[in-house]
Amino acid sequence: MSQAAEEIRAFLRSRKHMPMPPTLQEARMGYEEMAKMFPLVPNTTTEKVVVNGINAEWISTPNTDKNYVMLYLHGGGYVLGSPNTHRALVSRLADATKSLVLLIDYRLAPEHPFPAAVEDAVSAYRWLLNNGFSNENIFICGDSAGGGLTLATAISLRDANENLPKRLALISPWTDLAATGNSLNSLAEIDPWLTSPELTELAKLYLATTDSKHPLASPLFADLTGLPEMLIQVGAAEILLDDSTRLAKKAEEMGVSATLEVWQEMWHVWHAFADKLSEGQEAINKIGFFLHS
């Protein structure tokens, strides 16, 4: 493992067992503060936009081909996160994929529990179609909860018989809110960042009274037939590993092309540290290659 990776892992471990902030608002603010560590790609352009009542941002770099657009769905357990927390990561994705990126500030739980996030993501996709983008030039990408939300969005669109996006890219996706994966326990000591109790609390806030195996909340349990080709990237050292390996297996069984990349020694959404971590930038570059291959 590189020195940079060792240092980041140590940083994450130092935060892993810190007491949770006393209020949700403080937890959200803490996440926003942490995100300030990460720089944007030089000459990134951001433009605020309102998408069917949803606050959002257009993000582009000098590399952007505005014929292509990525709808990006941020992580944060459906409870935390915003364009502020993911702007740096998205700027790198915009540069690597040569795409204009629409980063939406979808509604968060517990104020807006399931299915609010799914409704907002579907609405944003429809807005893109209504504003002149061809579905053949639209990609959807998300990390963690945003990865699960990416799947739920595609499933919702398929069920509505709508034109589907070209491809999906899932970064450390959270696909099983019922917490049935073996890696939640087997990798608990290895994962430097996530804990199972933390995920359980986030799931409760998002689900409210919804069954944890609802296919749009936990798309691991959904019918995946007819979904677009997908790339799944996951760290070998994260407790959500089985959320990805089981998803890839099920997708292939249902006739969906799913490329699974398990990155050795990497943790949850290591892409966020790409300014210091070569493996992070390599993974982002692979997303760019996948979306345009």
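Suppose the filter is touching a helix residue (DSSP H, G or I) at 6+ places or on another chain (Cβ under 9 Å), in a loop (DSSP other than H, G, I, E, B) and exposed (fewer than 12 other Cβ atoms within 10 Å of the Cβ); does Pro21 pass it?
no
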* Structure fact -> Scanning the stretch 204-242 residue by residue, those small (Gly, Ala, Ser), open to solvent by less than 60 Å² (accessible area, probe 1.4 Å) and more than 27 Å from Ser293 (Cβ to Cβ) turn out to be Ser212, Ala217, Ser218, Ala237
* Single residue of Glu47, Glu111 found to be open to solvent by 20 Å² or more (accessible area, probe 1.4 Å), modelled with pLDDT of 95 or more, of a type in the set (Asp, Glu) and in contact with a Phe, Trp or Tyr (Cβ under 6 Å, 6 or more places away or on another chain) -> Glu47
* **Residue, farthest from the chain's Cα centre (by Cα), within the stretch 61-75, restricted to residues that are surrounded by 20 or more Cβ atoms within 10 Å (Cβ to Cβ) and part of a strand (DSSP E or B)** => Tyr68
* **Leu184 vs. criteria open to solvent by less than 30 Å² (accessible area, probe 1.4 Å), on the phi < 0 side of the Ramachandran plot and under 15 Å from the mean Cα position of the chain (by Cα)** => no
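Select, from Glu162, Glu201, Glu189, the only residue that is open to solvent by 40 Å² or more (accessible area, probe 1.4 Å), assigned to a loop (DSSP other than H, G, I, E, B) and within 28 Å of Lys16 (Cβ to Cβ).
Values: Glu162 fails: within 28 Å of Lys16 (Cβ to Cβ); Glu201 fails: assigned to a loop (DSSP other than H, G, I, E, B).
Going through Glu162, Glu201, Glu189 in turn, just one is open to solvent by 40 Å² or more (accessible area, probe 1.4 Å), assigned to a loop (DSSP other than H, G, I, E, B) and within 28 Å of Lys16 (Cβ to Cβ): Glu189.
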* To do: Of the conditions (1) over 17 Å from Lys286 (Cβ atoms); (2) open to solvent by less than 50 Å² (accessible area, probe 1.4 Å), Thr97 clears all except one; give me its number.
  => (1)
* Filtered residues of the stretch 78-93 (kept if more than 25 Å from Phe289 (Cα to Cα) and either crowded, with 23+ Cβ neighbours inside 10 Å or charged (D, E, K, R) (or both)) -> Tyr78, Gly81
* Any chance Ile54 is within 19 Å of the chain's Cα centre (by Cα), open to solvent by less than 70 Å² (accessible area, probe 1.4 Å), of a type in the set (Val, Ile, Thr) and within 17 Å of Leu108 (Cα to Cα) -> yes
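Tell me yes or no: at least one residue of the stretch 134-157 is among the acidic types (Asp, Glu) and open to solvent by less than 30 Å² (accessible area, probe 1.4 Å).
Within the stretch 134-157, one or more residues are among the acidic types (Asp, Glu) and open to solvent by less than 30 Å² (accessible area, probe 1.4 Å).
Residues are listed down the side, and each one gets a yes or a no for (1) open to solvent by 10 Å² or more (accessible area, probe 1.4 Å); (2) not hydrophobic (A, V, I, L, M, F, W, C):
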{"site": "Ser244", "(1), (2)": "no, yes"}
{"site": "Ser257", "(1), (2)": "yes, yes"}
{"site": "Trp267", "(1), (2)": "no, no"}
{"site": "His271", "(1), (2)": "no, yes"}
{"site": "Gly280", "(1), (2)": "no, yes"}
{"site": "Ala283", "(1), (2)": "no, no"}
{"site": "Phe290", "(1), (2)": "yes, no"}
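The values are calculated or read from the model by the stated rules, or taken from the named source; none is laboratory data. Nothing here was measured: the structure is a model prediction, and the numbers come from that model. Don't worry about glycine lacking a Cβ; one is built from the backbone with ideal geometry, like all the others, and counts go over all protein chains shown. The accessibility values were calculated without ligands, DNA or RNA, using every heavy atom of the protein model including side chains. Shrake-Rupley method; radii C 1.70, N 1.55, O 1.52, S 1.80 Å.
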